[in-house]
Amino acid sequence: MTYAAVRAHTNIALIKYWGKRDEEFFLPMNSSLSLTLEKLYTDTFVQFDEELTEDLFILNGKKQSEKETGKITRFLDLFRAQAGVSYRARVASINHVPTAAGLASSASAFAALAGAANIASGLNVDLRTLSTYARQGSGSATRSIYGGFVEWNKGTSSEDSFAIPIDEADWDIGMVIIAVNRSEKKVSSREGMKQTVETSPYYPAWVATAEDDLSVIKDAIKERNFEKMGEMAEHSAMKMHASMLAAKPPILYFEPASITAIQAVQKLREQGISCYVTMDAGPNVKVLCRLSQAGLIKEKLKDFFKEEQLLITGPGKGIRELTEDELQK
Ligand code: ADP
Ligand code: DP6
Ligand code: CO
């Protein structure tokens, strides 16, 4: 097989990954935990071809710059080296998620690319090993190999910093995504976390508390204690943003409508609806809720946001290969 297409879903972290201890191998400062999402995903096709003289990268039908293609080349080189393949590749990808807007496109992107390159190169490593490859494209992609709730253990080396699926999230778990702004962010996650690690006096506190936060949320998931899980997720997100605000210069992903969304969720809680916010490196707000209450929450959020800004999603599955039929669509 010299070509393959794979679908990977995005994931939103409940305990955030923020900061690298090794930038070359994408080893994180702290372990993290996420929920894979059904409605947001990337489809990526990879074909190794002896006739090509350089890698080609097409995203959403548009040929990408040398810089963007360079990231793909560097990533595919991992597979070429291991599989003993020297051919260049044609990569075509479609994001069913806004690109670089804080909705985790890099997670679904590199999980899909890793999945397709794994098959197309003939390497065929197992999913756990594949998650260590995906990590080297984008840290958050480590977790998108699997569905449901997924833990990314920070590990001690490139080999043992991988993802583990811990729960299918099939107990009435959902998210309402509030698309505050779909445009590309000015500061990428990569630059944002680097600047925080290097300059924020609050960063040591982030690292010092992250492992305890993870163990609390894992207990909450085991106990199926939704409130305990939600409170911890909201706390982790706010703490990450606090560490960024204290960076020099400060990193601010919030927009006025992000605050509107957070306050709307606080009001919903006062009305007895159990839901919690999380935010990534971007202005968009995600509301963790009971899937059965997502419709009601969406209706209430319509007081503040337009219908087309609100998306309900349940938990997503792990990566899967697409059939020829699905590809043609
Ligand atoms: P996000 O919040 O969307 O994850 P990041 O700053 O982490 O934002 O990553 C965005 C970058 O991920 C893009 O600039 C691009 O380099 C890469 N990316 C996004 N989608 C794809 C894709 N489908 N295939 C390959 N790379 C992608
Ligand atoms: C805030 O995985 O996008 O979404 O590893 O540099 O590619 P790189 O960064 P990325 O960072 C994600 C940061 C986050 C939190 C998370 O997903 O855990
Ligand atoms: Co990202």
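The values are calculated or read from the model by the stated rules, or taken from the named source; none is laboratory data. Model, not experiment: these values are computed from the prediction. Positions of Cβ are generated from backbone atoms using ideal geometry, with glycine treated the same way; all protein chains shown enter the neighbour counts. Surface accessibility is based on the protein's heavy atoms, side chains included, excluding ligands, DNA and RNA. Shrake-Rupley method; radii C 1.70, N 1.55, O 1.52, S 1.80 Å.
Hey, can you tell me all the residues within region 8-39 that are out of contact with any Gly (no Cβ under 8 Å at 6 or more places or on another chain), open to solvent by 10 Å² or more (accessible area, probe 1.4 Å) and not aromatic (Phe, Trp, Tyr)?
If the condition is that a residue be out of contact with any Gly (no Cβ under 8 Å at 6 or more places or on another chain), open to solvent by 10 Å² or more (accessible area, probe 1.4 Å) and not aromatic (Phe, Trp, Tyr), then Arg21, Asp22, Glu23, Glu24 are the ones that fit.
Answer yes or no as to whether Phe48 is under 15 Å from Thr132 (Cα atoms) and touching a residue at least 60 places away in the same chain (Cβ under 8 Å).
no
Mind listing whichever residues of region 23-44 are without any contact (Cβ under 8 Å) to a residue 60 or more places away in the chain and outside any loop (DSSP other than H, G, I, E, B)?
Within region 23-44, none qualify.
Could you pull out every one of the strands (runs of 3 or more DSSP E) wholly within region 55-157 that has 2 or more residues that are open to solvent by 30 Å² or more (accessible area, probe 1.4 Å)?
Those strands (runs of 3 or more DSSP E) span 56-59, 88-96.
At least 3 residues that are open to solvent by less than 10 Å² (accessible area, probe 1.4 Å) and in contact (Cβ under 8 Å) with a residue 24 or more places away in the chain in each: list the helices (runs of 4 or more DSSP H) lying fully within region 235-329 that qualify.
Fully inside region 235-329 and qualifying: 256-270, 294-301.
Being farther than 18 Å from Ile319 by Cα, in a strand (DSSP E or B) and within 16 Å of ligand 3 (Cβ to nearest atom): is that true of Leu14 here?
Yes.
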